[in-house]
Amino acid sequence: MEKIQSLELKNISKSFPGVKALSDVSFSAYPGKVCGIVGVNGAGKSTMMNILGGLLQPDEGGKILINGREVMIENPKAATELGIAFIQQEIQVFDTMHVYENVLAADFDKWRKGKNSLVLDRKAMKKEVQKHLDALGSNIDVDAPVYSLTVGEKQLLQIARALSEGGQILLFDEPTSSLSDNEIARLFEIINKLKAQGYIIFYISHFLDEIFSLCDNVIVLRDGKKTGDALISDIDKEKLVGMMLGHMVEGNARSGVRAQSEVVLKAEHISGVRLPKDISFELHKGEILGVWGLLGSGRSELFNAMLGIDKMMGGRIYYRENGRLEEISQKKLYPHIGYLTEGRHYDGLFLDMSIKSNITSSDIGRFASKFLGTLNTKKEAVESRSLMKQVNVKATDENMIVSKLSGGNQQKVIIAKWFLKDPDILFMDEPTKGVDIGAKAEIQNLIFEKSEKGMSFVIISSELEEIMSLCDRIIVVYEGRLVGEVSKADFSKDSLMKGIVSQEEKHAD
Amino acid sequence: MRTKKIDILSYSNYIVLAIILIVFAIGGNNFLTLKSIYATINNGSPLIIITCGVTFALLVGVIDLSVGAIGYAAGVAAGLLMNRLDMPVALAFLCGIALGVFIGWVNSLFIVKFKMNPMLVSLGMMLIIRAIARIFTDDKTVTLGDHVSAMRKARVAALGGMPMLMFGLIAVIIVCTFVLRHTPFGSKLLAVGCDEKVARRIGINTDRIKTAALMTCGGVCGIAGCFWIVTLGSVVTTGLNSYEFLAIAAAVLGGTSLLGGRGSIYPGSVLGALILLFISSGMSNMGVSIYAIPFVRGIIIFIAMYVDSLRTQSMLKTPMSTVQAKSAPAAAKP
Ligand SMILES: Nc1ncnc2c1ncn2[C@@H]1O[C@H](COP(=O)(O)OP(=O)(O)OP(=O)(O)O)[C@@H](O)[C@H]1O
Ligand SMILES: [Mg+2]
């Protein structure tokens, strides 16, 4: 493959029925540069990358030039052959296969023992994959089955796949949304190294800090149009946000420290199969409680065990009903709670159903008539439309199929779904994953509003800033155990890390 | 701890087979003799091979109900060519197998190209094939006489009278296992079955793989048809009836997922088929009413499905230990 000197996109447009996802976008990229792409949810970033990755065809009239020559990218294979590797927004792995097979899945034929051999050279495959994983500084076992990996590890596997395909143009679509701080730091190191080696890199993210620390220039999309194209040294965060949204975001904070109200939920000694181990906490009415910990520390497992998704090996749950705090079974607790899960593509959404059906699925009984149980679809439509507006879902209408929404908008549909149910307690695992900064602020406001009205929240978030501005109190989890509790007045990175660091030191001894 | 538990689950089929053999050895009369074991396996070779064939279809997520009929068609074709045209046996077999591949391709045309429902396509295919085959044979038994009798009767004295045919069976199993386990095609098959969308997105030509899988399935079932007419010595019109269900049950019993992406030829499907075969031969050996045999087979399938669901749950639920819990963010270190 010849060395790629330049990539130019000229007048790229893409229409879907009812939406113009991209109109007349042109830009160029060069080796040794990281090009950031930013924009709100549904701006067209993933569409752009899907076109480069061969998953979508642009409308007539647009051109893609590599080294000045026009190219057609008809399918993912063609993209790979042109040297384009795509790390997609939603994780693309085969759960029942091994790590090394997953990494090299795009071209098994290349791994035969010889030109005319029929046999896969598994040893060579493993060696190759080990090489890339080592370069990524990861100690994932190449022989492990992929279902045993965490989301972050799967993400890393995808990067290894891109590297093994020998891409010279790397497309990263929100790669950090499920990585730990540590992994993010490592990913940045890798990207910087690749940049030094002369790769062309595109980087999509909603975290502007990442854009500023990693990119050389940035392209802004809004409603499918390019609204900005600047060197990173020429702009600042405020200007960038202005270009993205067309207006400024108002920061919001919760006013003052809230008076302690009654306890609505009490968890005692919750233990799961492996994680968590013996966690107890109390939740007050109208409180927003944060659960913080590193990736893999057992935060999601705490929710899963407590709410009966996984087996709870030990522990008790108390819930306040009719003014008394009494022990309650998980089944009886369901009607009072909502649980927004982490993986929108496997347990958060009915991907092939409409936005409306997804939103109303959390409390479908409400729309059924008393007598025959027939659904009042008009009422469904009205309520879902109003919720879509509240959380700012960008879609043609409420009947749009969810799989056609952009990643961030899918996430907003999940949030809308649980707001519709309006439970007493809402458990949320990474609620704003992939949501743009404008919408994030609006969702935060909605959470504040609901909590004023007495709804309680338990929220997992890896984003320090978010969890600190959102929560009234944060509990810290480490290796499945509760290692700290911090109240609003003492919020800081150090105070949150304190419990974790002391545990690490214990380990070191 | 956990890994041990999984191991026991994945050996469950060996255990079940062993238990069946022991039970019948104790309860039956002369059940565990080499001769009777050979007979069971030899007479069951069409089922074992069809199970191997259908595994290829199941792995890409296609429940192919025409597999029994494909074997039947191949057997009828080969039998008629020998009987009426006096065609050499090997050539007739090749024609039968080619017919199997062709029917597999027609199936794939409807399923892959026109995106029709696999189960209904293959159900229709099954009815059509059986009807056509009946027209060709006038619904009469076709005897093959000398054409295959030598092949049927050949025994290896050194191995306690093992039928020569069993070498053929073993060869088929080895080749199928090899294709699935060691070739790029096999790995692609698993990938497509595991998640077709992902496979397409990372650049695997999923349509071609599915087509190839269905053609392989057809070809292997064609081979099964040849075994069938040899072991029987004639082509009977009701041959291989309802083998599609037995074969699919056997494959699932052996751990192949009906959703695709998980399963194996050996040990999986082969052991599954052996279990079903030994249950019926053992029961008839004990003199149990033939009506009870399907009943017991049904029970065994239920048990196997339960074990399979245990296996899947323990596999997909809790992620095993992860390395990340140990590392704290770099920024936090002093
Ligand atoms: N297959 C499709 N059919 C119809 N509309 C689509 C399809 N794919 C994308 N769209 C629409 O195109 C627009 C751009 O989507 P895209 O996925 O590119 O957004 P994005 O910038 O990546 O957003 P996010 O930050 O949420 O990931 C959205 O309005 C989306 O609904
Ligand atoms: Mg996107």
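The values are calculated or read from the model by the stated rules, or taken from the named source; none is laboratory data. This is a predicted model, so every value here is computed, not measured. Here Cβ is always computed from backbone atoms with ideal geometry, including for glycine, and neighbour counts include all displayed protein chains.
In table form, for the structure just shown:
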| quantity | calculated |
| --- | --- |
| Single condition A:Val34 does not satisfy, out of (1) more than 9 Å from chain B (Cβ to nearest Cβ); (2) within 16 Å of ligand 1 (Cβ to nearest atom); (3) crowded, with 22+ Cβ neighbours inside 10 Å | (2) |
| Meets criteria (within 30 Å of A:Asn399 (Cα to Cα) and touching a Phe, Trp or Tyr at 6+ places or on another chain (Cβ under 6 Å)) for A:Gly348 | no |
| Count of the stretch A:163-180 residues which are away from ligand 1 (no atom under 16 Å from the Cβ) and of a type in the set (S, T, N, Q) | 3 |
| All positions within the stretch A:482-496 that are in a helix (DSSP H, G or I), within 14 Å of another protein chain (Cβ to nearest Cβ) and in contact (Cβ under 8 Å) with a residue 12 or more places away in the chain | A:Lys493, A:Leu496 |
| Helices (runs of 4 or more DSSP H) lying entirely in the stretch B:1-71 (those with 3 or more residues that are surrounded by 18 or more Cβ atoms within 10 Å (Cβ to Cβ) and at pLDDT 95 or above) | B:45-59 |
| Any hit, the stretch A:377-385, residues being more than 16 Å from ligand 1 (Cβ to nearest atom), of a type outside the set (Asp, Glu) and touching a residue at least 60 places away in the same chain (Cβ under 8 Å) | no |
| So A:Lys10, is it within 28 Å of the chain's Cα centre (by Cα), of a type in the set (Lys, Arg) and either closer than 25 Å to A:Gln158 by Cα or not in a loop (DSSP other than H, G, I, E, B) (or both) | no |
| Which listed residue, of A:Val142, A:Val103, is buried (at least 19 other Cβ atoms within 10 Å of the Cβ), more than 9 Å from chain B (Cβ to nearest Cβ), over 29 Å from A:Gly408 (Cα atoms) and among the β-branched types (Val, Ile, Thr) | A:Val142 |
| Search result, residues across the stretch A:401-427 that are near ligand 1 (Cβ under 9 Å from one of its atoms) and either of a type in the set (S, T, N, Q) or free of Cβ contacts under 8 Å to residues at least 60 places away in the same chain (or both) | A:Ile401, A:Ser403, A:Ser406, A:Asn409, A:Gln410, A:Gln411 |
| Residue match in the stretch B:89-101 (condition: of a type outside the set (A, V, I, L, M, F, W, C), part of a helix (DSSP H, G or I) and free of Cβ contacts under 8 Å to residues at least 12 places away in the same chain) | no |
| Scope the stretch A:304-338; condition over 14 Å from A:Gly272 (Cβ atoms) and surrounded by 15 or more Cβ atoms within 10 Å (Cβ to Cβ); matching residues | A:Tyr318, A:Tyr319, A:Arg320, A:Leu325, A:Ile328, A:Leu333, A:His336, A:Ile337, A:Gly338 |
| Helices (runs of 4 or more DSSP H) wholly inside the stretch A:23-103 containing at least 2 residues that are in the same structural domain as A:Thr227 (by TED's automatic domain parsing) | A:45-52, A:76-82 |
| The stretch A:56-89, subset within 16 Å of ligand 2 (Cβ to nearest atom) and surrounded by 19 or more Cβ atoms within 10 Å (Cβ to Cβ), residue nearest to the other protein chains (Cβ to nearest Cβ) | A:Gln88 |
| Residue in the stretch A:140-159 that is within 16 Å of ligand 1 (Cβ to nearest atom) and more than 14 Å from A:Glu101 (Cα to Cα) present | yes |
| Candidate set: the stretch A:127-152, residues that are part of a helix (DSSP H, G or I) and in contact with a Gly (Cβ under 9 Å, 6 or more places away or on another chain); chosen: the one farthest from ligand 2 (Cβ to nearest atom) | A:Gly152 |
| B:Leu258 being modelled with pLDDT under 95 and not polar (S, T, N, Q) | yes |
| Residue among A:Leu7, A:Leu52 that alone is away from ligand 2 (no atom under 16 Å from the Cβ) and surrounded by 14 or more Cβ atoms within 10 Å (Cβ to Cβ) | A:Leu7 |
| Residue within the stretch B:137-159 that is in contact with a Leu (Cβ under 8 Å, 6 or more places away or on another chain), closer than 26 Å to B:Ile265 by Cα and crowded, with 20+ Cβ neighbours inside 10 Å present | no |
| Qualifying residue in the stretch A:14-27 (condition: closer than 25 Å to A:Gln158 by Cα and within 16 Å of ligand 1 (Cβ to nearest atom)) | no |
| Filter result (β-branched (Val, Ile, Thr), surrounded by fewer than 21 Cβ atoms within 10 Å (Cβ to Cβ) and away from ligand 1 (no atom under 16 Å from the Cβ)) within the stretch A:193-243 | A:Ile232, A:Ile235 |
